[in-house]
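Right, one structure below, let's go through it.
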Amino acid sequence: MNDYTNYFFTIMVRFFFLLTPFFVLSTFLAMTPELTAAQRRSTAIRVTLAVLVTCFVLYSFGNTLFSLFGITLDSFRIGAGSLLFLSAVHMVHGDDSAPPSEKREAISVVPLAIPVTVGPGTTGALLVMGAEVQQNWQIFVGCAALAAAVLCVGALLVCASFIEHLVGKKGITILSKLTGLFVAALAAQIVFTGVRNFLTVK
């Protein structure tokens, strides 16, 4: 039971930071400045549902996609990890300006769910992490951890107005940049694992 619990929390934390929660929160606030707290909560719920469906699809069909396109897991590790690292660099050094104004009712799926929360780097990492799973219990616990991580991000978005008042925009920006450092470390680990396995096979 302890092994299951440890695996659950380890994977959940990885998924949580992979979804770049504070970057998503700052973008969410920047794109919904004129919405009321109730409207923000409604939008946050729609974003959470869209992210949940997208993540489960990516996490569940990694091996199928690799087999279909004839891509090895290690080559995808290297490519996805590199892309995720570039995303992390953008998070750390990117500007804090608000994105262009759009119709607020149309932003829940695009761009807030895709590509803000589940961007190219996150997509690749989810495919890799799903393809690494071997045993049935790991699949079940991994899916539960993924759902828990997405719901935690969703909870942050639901409480966006409160968090904005609590820590301020500067505080959210700092948390976003710290998240970028964790994502960069995760990306480096994915790349190093791919390179090591590739060189070992050779």
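Which of these, Val183, Val167, Val109, has the largest mean-square fluctuation under a Gaussian network model of the chain (Cα springs below 10 Å)?
Val167
If a/c stays under 1.5 just call it rounded; otherwise compare a/b with b/c (prolate if a/b is bigger, oblate if not). Do that for segment 110-182, with a ≥ b ≥ c from the square roots of the Cα gyration tensor eigenvalues.
Details: a/c = 2.40, a/b = 1.92, b/c = 1.25.
The shape class here is prolate.
At a Förster distance of 35 Å, what's the computed FRET efficiency of Phe61 paired with Phe162, Cβ-Cβ distance as r, to 0.05?
The pair Phe61/Phe162 has a calculated efficiency of 0.45.
Kirkwood hydrodynamic radius of the chain from all distinct Cα pairs, in Å? Kindly include the intermediate steps, with their values, before the conclusion.
Values: mean 1/r = 0.0574 Å⁻¹.
One over the average 1/r among Cα pairs gives 17.4 Å for the chain.
Can you sort Asp3, Asp74 by 1.4 Å-probe accessible area, starting with the largest?
Numbers: Asp3 115, Asp74 30 Å².
Sorted by accessible area, descending: Asp3, Asp74.
Can you list which of the DSSP-assigned H helices in the chain have a Cα extent of 27 Å or more along the long axis and an average Kyte-Doolittle score of at least 1.0?
Values: long enough: 37-60 (34 Å, 0.97); 73-93 (30 Å, 1.03); 136-158 (33 Å, 2.02); 160-201 (53 Å, 1.10).
Going by DSSP H runs, the hits are 73-93, 136-158, 160-201.
With just the Cα atoms of segment 6-56, tell me how far they stretch along each of the three principal axes, in Å, largest first.
So the extents along the principal axes, rounded to whole Å, are 41, 19, 16.
How far apart, in nanometres, would the label points at Gln138 and Tyr4 be if each is projected 7 angstrom from Cα along the Cα-to-Cβ direction?
So the label points at Gln138 and Tyr4 sit 1.7 nm apart.
Along the Cα→Cβ direction, 7 angstrom out, place labels at Lys169 and Arg41. What is the inter-label distance in nm?
Going by the 7 Å Cα→Cβ label model, 2.5 nm.
Reported to two decimal places, what Rg/Rh ratio describes segment 151-191 when computed on Cα atoms with Rh from the Kirkwood expression? Don't skip to the answer; put the middle values down first.
Details: Rg = 12.7 Å, Rh = 11.5 Å.
Using Cα coordinates only, the ratio equals 1.11.
How large is the dipole of the chain about the Cα centre if only Lys and Arg carry +1 and Asp and Glu carry -1, each at its Cβ, rounded to the nearest 20 debye?
On the way: 12 positive and 9 negative charges, 15 e Å.
Computed about the Cα centre, the dipole is about 80 debye.
Just how many % of Cα pairs in segment 38-86 lie over 15 Å apart, if you round to the nearest whole percent? Kindly include the intermediate steps, with their values, before the conclusion.
Numbers: 741 of 1176 pairs.
Considering segment 38-86, 63 percent of its Cα-Cα pairs are separated by more than 15 Å.
The values are calculated or read from the model by the stated rules, or taken from the named source; none is laboratory data. This is a predicted model, so every value here is computed, not measured. Using ideal geometry, Cβ is built from the backbone for each residue, glycine included, and neighbour counts are taken over all protein chains shown. These area figures cover heavy atoms from the full protein model, side chains too; ligands, DNA and RNA do not enter into them. Shrake-Rupley method; radii C 1.70, N 1.55, O 1.52, S 1.80 Å.
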